[in-house]
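The values are calculated or read from the model by the stated rules, or taken from the named source; none is laboratory data. These numbers were taken from a predicted model, which means no experiment stands behind them. Please note: Cβ atoms are built from the backbone with ideal geometry, for glycine as well, and neighbour counts cover all protein chains shown.
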Amino acid sequence: MENKKFYITTAIAYTSRKPHIGNAYDIVLADMIARYKRMQGYDVHFLTGSDEHGQKIQEYAEKQGISPKEYVDAVSDEIKMVWSKMNASHDRFIRTTDADHEAAVSAIFKKLYEQGDIYKSEYEGKYCVPCESFFTPSQLVDGKCPDCGREVTDAKEEAYFLRLSKYQDRLIEYYEQHPEFIQPESRRNEMMNNFLKKGLSDLCVSRSSFSWGVPVEFDSKHVIYVWIDALSNYITGLGYHPDGNTGDLFDKFWPADLHVIGKDIVRFHTIYWPIILMALGLPLPKQVLGHPWLLSGEDKMSKSKGNVLYADELADRFGTDAVRYYLLSEIPFTQDGTITYESFINLYNADLANTLGNLINRSIAMTNKYFGGTVRKTAVVGSEFDADLIETAHQTVTRYTELMDVWHNAEAVAAVMAFAKRCNKYIDETAPWAMAKEEAARDRLETVMYNLLESIRILTACLRPVIPATTDAVLAQMQLDAADLAVDTLTFGTTDSFTVGTPSPLFARIDAEKVLAELAAKAEQAKEEEKPEGIAFLPTIGIEDFAKVDMRVAKIVDCEPIKKAKKLLKLTLDDGSGTPRTVASGIALWYTPEELKGRSIIVIANLKPAVLCGVESNGMILAADDGDAAKVIFVDGLTPGSKIR
């Protein structure tokens, strides 16, 4: 088979918090496509990763009293854990804090500036922190962010801009010449009509109001904004550098064959990213797939709504392949999917336990019982049931391939599962248990068993990109190997004989009533453990845990703002030790240095040091969250160094 290349990427996950199951759809969908292309003989390179810079990350880190790098290290590890739990087969997990990525991004920005595609100006508008986006007042919806619906703030700052307008006509021409560039077509129409034809404003690509990002090499006040930083991962992950030393991977795999992203970030990947590539003189990706969302019931998944499900937790309870199967069969190509525990369990029982698992288990068991585990392809003339089964197999493979080639995974899975149901019907039609009682029907029975096993082989091949661990188990039970599932073997009758092993249940049926009751009880218990005002407490600890925290009285002898950090103050403390202690605290929005100097506070003295915006912080002062404000706990009059017990 000719060796062909296929480069596929996911959107890199933002390291603000652990990804929920809707976020995990990106990696599962891309992994399915990568496995399918490998099955077709392609040399696949699969990239995923984490987006780790920005104002939101800096604020989260400051709130926890740790450095941004410590914060993103922890969340990136969580993302990797979830991706591993989903059995993702990626070739690289890139982080935007990786040294090679940061170096290339810095050089990309400098190149675009030097050739006039980036220029310095000033931006004034409405800013949404979660989306990291500026908007004009006319772009707001009911005064709020048009993308996420959250509140926006007035912002004005010096910034560098990318000349989107310079490339607008060229991008429109590209759309017209490559109608397949954006899928589904509705996303393409949205980008063309709502953005390109209305005219593009130049894009803010640097920030000076926070410091957590890749510095602009020639202007230390600025960090490179998310659009150039995060989007460039698709080329830096292959070793791209604008100095021309790109390496073999980039030369081999770029342009990307497919970017897999959520529908909410199509604009960034089909307008901003292509223009960055045009400015760099690089070819554009062949296709961008903007998939729908997975909703929790009827709502978008949101931690604030309390309707978040996590892929790893579902996998721990029901199995990784059950989660993959649900995601890949329940989200249509153009419409949002939905998930609840009830719908998940119902699909699991209907498709995986009853239809697929039952078919495989009883077919292998009957082969062992009636033929000692071995059946051959016979010359016995089949019945109308055989002919229909074989024709259905041919039609299924054709339909499956057509659908998978255009990323219609849910319809492809439905076609395969319809064939599995046809196989179960074939068992009922032929009644092998009745034929086994008649010696004269033995050859006919062997044909029936062969037809079932050959159908299972084809089913297993089609489902291998969807539920890979399960198909490995089926291969073991049928004593086959991966070569028996190659795309060029999917014609019915390719196998001469089967010798099967011992059957083992693949999917145990779930007692829906029992599990749903357990989940409801768990949710109710969580509510009861919350404070009446709705504030959730942390798990209980023992006195030995509390004793590990060294809290001391300290007097603030000096206080000053920290440059590039709107929320941080640098406190110099007298903690009774004779050596001044420096602490960076995120209280600048609520206190001036003059209000703090001379006051006594409580400091956690044995907290691991962390560097915040260039200041090494040795401890954390105690303050209370009071609505939208932080209130420092003052203990004036107590001697510095006094221990809090």
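Any idea how many residues of the range 133-166 are over 21 Å from Leu196 (Cα atoms) and at pLDDT below 85?
6
Being touching a helix residue (DSSP H, G or I) at 6+ places or on another chain (Cβ under 6 Å), among the hydrophobic types (A, V, I, L, M, F, W, C), modelled with pLDDT under 95 and not assigned by TED's automatic domain parsing to the domain that holds Trp407 is true for just one of Ile21, Ile12. Which residue is that?
Ile21
Could you list, ordered by first residue, the pairs with Cβ atoms under 7 Å in which the first is in the range 501-518 and in contact (Cβ under 8 Å) with a residue 60 or more places away in the chain and the second is of a type in the set (Val, Ile, Thr), at least 6 apart or interchain?
Final answer for the pair search is Pro503/Ile364; Leu506/Ile360; Leu506/Thr470; Ile510/Ile345; Ala512/Ile345; Val515/Ile345.
Based on what the data block shows, is Phe218 among the hydrophobic types (A, V, I, L, M, F, W, C), over 19 Å from the mean Cα position of the chain (by Cα) and either modelled with pLDDT under 95 or over 29 Å from Tyr60 (Cα atoms) (or both)?
No, not satisfied.
Six or more apart or on different chains, Cβ atoms under 8 Å: show the pairs whose first residue is in the range 306-334 and without any contact (Cβ under 8 Å) to a residue 60 or more places away in the chain and surrounded by 20 or more Cβ atoms within 10 Å (Cβ to Cβ) and whose second is in a helix (DSSP H, G or I) and of a type outside the set (Val, Ile, Thr).
What qualifies is Tyr326/Phe344; Tyr326/Leu347; Tyr326/Tyr348.
Each row is one residue, and each column tells you yes or no for (1) under 33 Å from the mean Cα position of the chain (by Cα); (2) not small (Gly, Ala, Ser).
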position: Asp575; (1), (2): no, yes
position: Ala588; (1), (2): no, no
position: Ala610; (1), (2): yes, no
position: Gly619; (1), (2): no, no
position: Ile633; (1), (2): no, yes
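Across the range 392-428, what is the total count of residues that are among the aliphatic types (A, V, I, L, M) and in contact (Cβ under 8 Å) with a residue 60 or more places away in the chain? Quick ask: steps written out before the conclusion?
First pass over the range 392-428, keeping only residues among the aliphatic types (A, V, I, L, M): 393, 397, 403-404, 406, 410, 412-418, 420, 427.
Right, trim to in contact (Cβ under 8 Å) with a residue 60 or more places away in the chain and you get 393, 397, 404, 406, 410, 413-414, 417, 420, 427.
Total satisfying the criteria: 10.
If you check Ser50, Ser76, which single one turns out to be in a helix (DSSP H, G or I) and crowded, with 18+ Cβ neighbours inside 10 Å?
Being in a helix (DSSP H, G or I) and crowded, with 18+ Cβ neighbours inside 10 Å holds for just one of Ser50, Ser76, which is Ser76.
Residue by residue through the range 115-144, note down the ones that are without any contact (Cβ under 8 Å) to a residue 24 or more places away in the chain and in contact with a Phe, Trp or Tyr (Cβ under 9 Å, 6 or more places away or on another chain).
Ser133, Phe135 - these are the residues of the range 115-144 that are without any contact (Cβ under 8 Å) to a residue 24 or more places away in the chain and in contact with a Phe, Trp or Tyr (Cβ under 9 Å, 6 or more places away or on another chain).
So which of Ile33, Ile66, Ile57 ends up being more than 20 Å from Thr236 (Cβ to Cβ), of a type in the set (Val, Ile, Thr) and in a helix (DSSP H, G or I)?
Working: Ile66 fails: in a helix (DSSP H, G or I); Ile57 fails: more than 20 Å from Thr236 (Cβ to Cβ).
On inspection, the qualifying residue turns out to be Ile33.
Give the residues of the range 586-618 that are of a type in the set (Gly, Ala, Ser) and within 17 Å of Lys69 (Cα to Cα), sorted by residue number. I'd like the intermediate steps shown before the answer.
Initial filter on the range 586-618 (of a type in the set (Gly, Ala, Ser)): 586, 588, 598, 600, 605, 610, 614, 617.
Within the range 586-618, Gly586, Ala610, Gly614, Ser617 meet the criteria.
Identify, from the list Val557, Val583, the residue that is under 17 Å from Ile66 (Cα atoms) and among the aliphatic types (A, V, I, L, M). Talk me through it step by step, then tell me what you get.
Details: Val557 fails: under 17 Å from Ile66 (Cα atoms).
Result: Val583 is the single residue among Val557, Val583 that is under 17 Å from Ile66 (Cα atoms) and among the aliphatic types (A, V, I, L, M).
Please determine whether any residue of the range 27-42 is free of Cβ contacts under 8 Å to residues at least 60 places away in the same chain and surrounded by fewer than 21 Cβ atoms within 10 Å (Cβ to Cβ).
Within the range 27-42, one or more residues are free of Cβ contacts under 8 Å to residues at least 60 places away in the same chain and surrounded by fewer than 21 Cβ atoms within 10 Å (Cβ to Cβ).
Can you name every one of the helices (runs of 4 or more DSSP H) wholly within the range 338-428 that holds 3 or more residues which are surrounded by 19 or more Cβ atoms within 10 Å (Cβ to Cβ)? Show your work before the answer.
Working: elements: 341-347, 358-371, 384-404.
The qualifying helices (runs of 4 or more DSSP H) are 358-371, 384-404.
Can you list the strands (runs of 3 or more DSSP E) lying wholly within the range 539-626 that have 3 or more residues being hydrophobic (A, V, I, L, M, F, W, C) and more than 25 Å from Gly54 (Cα to Cα)?
Once the strands (runs of 3 or more DSSP E) in the range 539-626 are filtered for at least 3 residues that are hydrophobic (A, V, I, L, M, F, W, C) and more than 25 Å from Gly54 (Cα to Cα), what remains is 551-562, 600-604.
Here is a list: Glu70, Glu62. Which entry is modelled with pLDDT under 95 and either touching a Pro at 6+ places or on another chain (Cβ under 8 Å) or not hydrophobic (A, V, I, L, M, F, W, C) (or both)?
Among Glu70, Glu62, only Glu62 is modelled with pLDDT under 95 and either touching a Pro at 6+ places or on another chain (Cβ under 8 Å) or not hydrophobic (A, V, I, L, M, F, W, C) (or both).
Just one of the numbered conditions (1) out of contact with any strand residue (DSSP E or B) (no Cβ under 9 Å at 6 or more places or on another chain); (2) in a strand (DSSP E or B) is not true of Asp169; which one?
Tallying (1) out of contact with any strand residue (DSSP E or B) (no Cβ under 9 Å at 6 or more places or on another chain); (2) in a strand (DSSP E or B), Asp169 fails exactly one: (2).
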